[in-house]
Amino acid sequence: MRTLLICHQEEVLNREVLPRWLASFSELSGIIVLRETRKQKLRRIQREFARVGPLRFVDVVAFRLYYRLFQSPADRNWRRERVAELCQRYPEFPTTTPVLVSTSPNSRQARDFIHDAGPDLMIARCKVILKEHIFTIPRQGTFVMHPGICPEYRNAHGCFWALANRDLARVGMTLLRIDQGVDTGPIFGHYYCSYDERHESHIVIQDRMVFDNLDILRQQLEAILEGRAVPVDVSGRTSAAWGQPWLTRYVAWKWAASRP
């Protein structure tokens, strides 16, 4: 199996652990490391503002400020410890692995890099929607480990919204193959793990959903490559796209989680 990874520079778990994990059972044919520009971040902010409106956008910004001040330091420590633990489990990937640093996975440079790498399948751990001429290059397609159970919790922060909605049976992660929609492609598994909603942030919980399931995800990727995997039938289920967390919903979630 030849694989390729797309990840963000600042996402330490994805950048440090996933290449090692992929190289442990496949030939890691390349890594695209994304460094977002200020203009790209501004466009994402503008899209969220247009989606939720000015009043709710204040709720979004308030949560971002709260998270940065009160939760981010603890989450960084948790991630450092998790990286150290997983790097003990998975050895270094080959130093000869090609690496492309880019501002966009949809650029001509990225397209040529993927073509030259020739992956059987690609893992996209990024916030950018891939264009069809990119995600169709790998022979078996491009896959995402989406933090949320699809189709009910598509788009952003599915674990947060399932917790906020007290839909605890759908706090998990979805392995799906990318198509032209937003998290609407064929689903090849829903995955869950233990978590502590009283004391852990939504970021830690959604990271757990991926990194506590690496062994079973490897098995499923191998099954996909070998043609043994069958997509999950989700016909008739509710489909909804979510966005950035709100401080008001966060407070309600933590209050509900603290009750006996």
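The values are calculated or read from the model by the stated rules, or taken from the named source; none is laboratory data. What you see is a predicted model, and the numbers here were worked out from it, not measured in a lab. A quick note on method: Cβ atoms are made from the backbone with ideal geometry, for glycine too, and the neighbour counts reach across all protein chains shown.
Odds and ends about this structure:
- On the stretch given as the range 60-98, residues that are farther than 20 Å from Asp207 by Cα, surrounded by 17 or more Cβ atoms within 10 Å (Cβ to Cβ) and either at pLDDT below 95 or touching a Ser or Thr at 6+ places or on another chain (Cβ under 8 Å) (or both) total 1.
Residue-by-condition table, conditions (1) under 27 Å from Val182 (Cα atoms); (2) of a type in the set (A, V, I, L, M, F, W, C):
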site	(1), (2)
Tyr67	yes, no
Arg76	no, no
Val83	no, yes
Met122	yes, yes
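- Subset of the range 224-239 [more than 17 Å from Tyr153 (Cα to Cα) and surrounded by fewer than 17 Cβ atoms within 10 Å (Cβ to Cβ)]: Glu226, Gly227, Arg228, Val230, Pro231
- Residues that are among the polar types (S, T, N, Q) and in contact (Cβ under 8 Å) with a residue 60 or more places away in the chain were ranked within the range 95-110; the one that is farthest from His133 (Cα to Cα) is Thr97.
- Considering the range 80-196, the qualifying strands (runs of 3 or more DSSP E), each wholly inside and each with 3 or more residues that are over 21 Å from Glu11 (Cβ atoms) and in contact with a strand residue (DSSP E or B) (Cβ under 9 Å, 6 or more places away or on another chain), run over 187-191.
- Residue check for Glu27: over 22 Å from Phe143 (Cβ atoms) and acidic (Asp, Glu): no
- Total residues in the range 1-26, condition aliphatic (A, V, I, L, M) and assigned to a strand (DSSP E or B): 3
- Hits in the range 65-94 - residues which are of a type in the set (A, V, I, L, M, F, W, C) and touching a residue at least 40 places away in the same chain (Cβ under 8 Å): Ala74, Trp78, Val83, Leu86, Cys87, Phe93
- Gly53 being among the small types (Gly, Ala, Ser) and farther than 23 Å from Ala240 by Cβ: no
- One residue alone among Trp242, Trp255 is under 14 Å from Ala164 (Cβ atoms) and surrounded by fewer than 13 Cβ atoms within 10 Å (Cβ to Cβ), and that residue is Trp255.
- Among the residues of the range 99-120, those that are crowded, with 17+ Cβ neighbours inside 10 Å, in contact with a Ser or Thr (Cβ under 6 Å, 6 or more places away or on another chain) and either aliphatic (A, V, I, L, M) or more than 19 Å from Glu27 (Cα to Cα) (or both) comprise Ala110, Ala117.
- Residues that are out of contact with any Cys (no Cβ under 8 Å at 6 or more places or on another chain) and part of a strand (DSSP E or B) within the range 27-45 comprise Glu27, Leu28, Ser29, Gly30, listed in sequence order.
- Residues (closer than 27 Å to Leu86 by Cα and of a type in the set (Gly, Ala, Ser)) located in the range 215-260: Ala223, Ala229
- Residue within the range 210-224 that is outside any helix (DSSP H, G or I) and closer than 23 Å to Phe143 by Cβ present: yes
- Considering (1) free of Cβ contacts under 8 Å to residues at least 60 places away in the same chain; (2) closer than 25 Å to Val251 by Cβ, the lone condition that Glu197 does not fulfil carries the number (1).
- Qualifying residue in the range 36-59 (condition: within 30 Å of Ala223 (Cβ to Cβ) and not small (Gly, Ala, Ser)): no
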